[in-house]
1. Taking only region 35-59 into account, find how many residues are open to solvent by less than 60 Å² (accessible area, probe 1.4 Å) and either more than 10 Å from Ser6 (Cα to Cα) or in a loop (DSSP other than H, G, I, E, B) (or both).
2. Would region 7-28 turn up any residue that is in contact (Cβ under 8 Å) with a residue 40 or more places away in the chain and exposed (fewer than 12 other Cβ atoms within 10 Å of the Cβ)?
3. Residue pairs, Cβ under 7 Å, 6 or more apart or interchain, first in region 33-51 and over 17 Å from Thr18 (Cβ atoms), second open to solvent by 70 Å² or more (accessible area, probe 1.4 Å). List them.
Amino acid sequence: MSLTLSVPSIGCASCIETITKAIQSADTSALVTGDPAAKTVNIETQLPEAQIRELIKIAGHKVS
């Protein structure tokens, strides 16, 4: 599944790295890219969207 989520709290590449680690802790094959300027994260994963949103929240960010 491919997701593009808006994460307004992203401010830098380090934020993307934190989100990537959180998602990959549950799905090691997930591909995560992000754009701090656009405040978006693109995710290729087998996990359901609700779980991805929860993992991002646990990482300290809010998905809008």
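1. Looking only at that region, the number is 9.
2. Yes, region 7-28 contains a residue that is in contact (Cβ under 8 Å) with a residue 40 or more places away in the chain and exposed (fewer than 12 other Cβ atoms within 10 Å of the Cβ).
3. Glu44/Ser2; Glu44/Leu31; Gln46/Met1
The values are calculated or read from the model by the stated rules, or taken from the named source; none is laboratory data. Since the structure is predicted, the reported quantities are computational estimates derived from the model, not experimental observations. For neighbour counting, all protein chains shown are included, and Cβ atoms are generated from backbone atoms with ideal geometry for every residue, glycine included. These accessible areas exclude ligands, DNA and RNA; they are computed on the full protein's heavy atoms, side chains included. Shrake-Rupley method; radii C 1.70, N 1.55, O 1.52, S 1.80 Å.
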